[in-house]
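Working notes, structure below.
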Amino acid sequence: MALQTSEDRFNGVIASLAIKAPCIAAQTSPLADLEGLLVVDGFQTAEGDRVLVVNQASPIENGIYNASTNLWLRAVDFNGNRDITRGTIVNVNRSVGTSAVYEVTTIPDPVIDTDPINFRLWYDSGQAAACAPVNPLGFTILNQILGSVANTLTINYGLGQGITLNLTEDITNIVFLNICPGNVTQLEFDIRQDSVPWTITWPGTVKWRSGTAPDLSTPDSITQVHLRSTDGGGEWLGTFSENHA
């Protein structure tokens with residue numbers, strides 16, 4: 001069954017500049033022709049289905065289209081110069097039970113069929129099942145409370161990006177699980193020191209801004225550490241704030 005939007009004779013699709021009515025599929029590779037009932041992201045489109053096109057060879061062609069046996073036409077809420085701006089959100093509700101959220105990253109007021117229209121993938125529930133959970137419209141992150149076992153700290157990124165770490169022994173090994181390759185990855189630590197100061201041996205892939213790791217030698221203190229990777233955990237950039245007593 002086609003996923004379509006409601007319309008009225010004055011305003012077209014009932015949607016907004018900020019958030020568009022959902023699409024049934026999003027193109028993941030360039031389409032040679034925007035014509036015919038194509039298979040998009042593994043989904044067989046039907047007449048009238050809303051399809052998000054994000055990866056055309058010419059980004060001028062990107063946008064929301066209605067699938068058709070003939071030439072595809074832009075959806076009525078994505079065919080005018082007042083229909084989108086930088087930050088416009090498009091939801092994709094796939095037939096396979098997963099969803100995605102895309103954000104327009106183009107210039108603030110693009111001219112349709114003249115200016116490039118670029119998107120970035122903001123959220124994908126198919127990835128989130130294995131990778132870190134993300135709130136697509138929010139600003140909070142999940143937190144997990146961890147401790148080490150046999151001097152090893154295991155961090156499952158899929159369970160949260162915030163980590164409250166209670167030190168009870170020296171940590172000599174850190175294992176990261178479920179970090180998506182190629183994605184930006186961030187971890188926020190609250191490291192809670194014991195009355196007996198314990199140490200952490202950080203992986204060699206962590207590059208500290210100051211060139212040295214945080215000093216955890218103050219008993220009963222809290223040290224905040226931020227790790228960020230742009231290559232899925234291949235290299236981490238670290239910053240910290242020490243000794244919150």
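So how strong a dipole does the stretch 7-128 carry about its Cα centre when Lys and Arg Cβ are +1 and Asp and Glu Cβ are -1, to the nearest 20 debye?
280 debye
Going highest first, how would you order 143-149, 19-25 by mean Cβ packing within 10 Å?
Descending mean neighbour count gives 19-25, 143-149.
In the stretch 31-96, what trypsin sites (Lys or Arg not before Pro) fall in a loop by DSSP, with at most 12 other Cβ atoms inside 10 Å?
Arg82
Please list, in chain and number order, the residues 5+ apart from Glu35 or on another chain whose amide H is under 5 Å from its amide H, with Hs placed from the backbone.
Amide H neighbours of Glu35: Trp72.
Give, as a single signed number, the net charge of other residues whose beta carbon lies under 14 Å from the beta carbon of Asn183, with Lys and Arg counted +1 and Asp and Glu -1.
Result for the local shell: -1.
Roughly how many debye, to the nearest 20, is the charge dipole of the stretch 143-244 about its Cα centre, given +1 on each Lys and Arg Cβ, -1 on each Asp and Glu Cβ, and no other charges?
About 260 debye.
Run the simple label-point estimate for Asp231 and Thr168 please: 7 Å along Cα→C-beta, distance reported in nm.
Simple spin-label model gives 3.6 nm for this pair.
What is the local net charge at Ser221, summed over the other residues whose Cβ is closer than 14 Å to its Cβ (Lys, Arg +1; Asp, Glu -1)?
Counting the neighbours of Ser221, the net charge comes to -4.
Search the structure for amide H atoms under 5 Å from the amide H of Cys23, placed 1.01 Å from N in the peptide plane, and list their residues when 5 or more places away or on another chain.
For Cys23, the qualifying residues are Asn91, Val92, Asn93.
Please report the net charge: other residues with Cβ closer than 13 Å to the Cβ of Asp109, K and R +1, D and E -1.
0
What is the spread of the Cα atoms of the stretch 7-128 along each of their three principal axes, largest first, in whole Å?
Here the Cα extents, ordered largest to smallest, are 35, 32, 30 Å.
A short reminder: the numbers here are calculations on the coordinates, not readings from a lab. If you're wondering where the values come from, they're calculated on a predicted model, not measured in any experiment. Methodologically, a virtual Cβ is constructed for each residue, glycine included, from the backbone with ideal geometry; neighbour enumeration extends over all protein chains shown.
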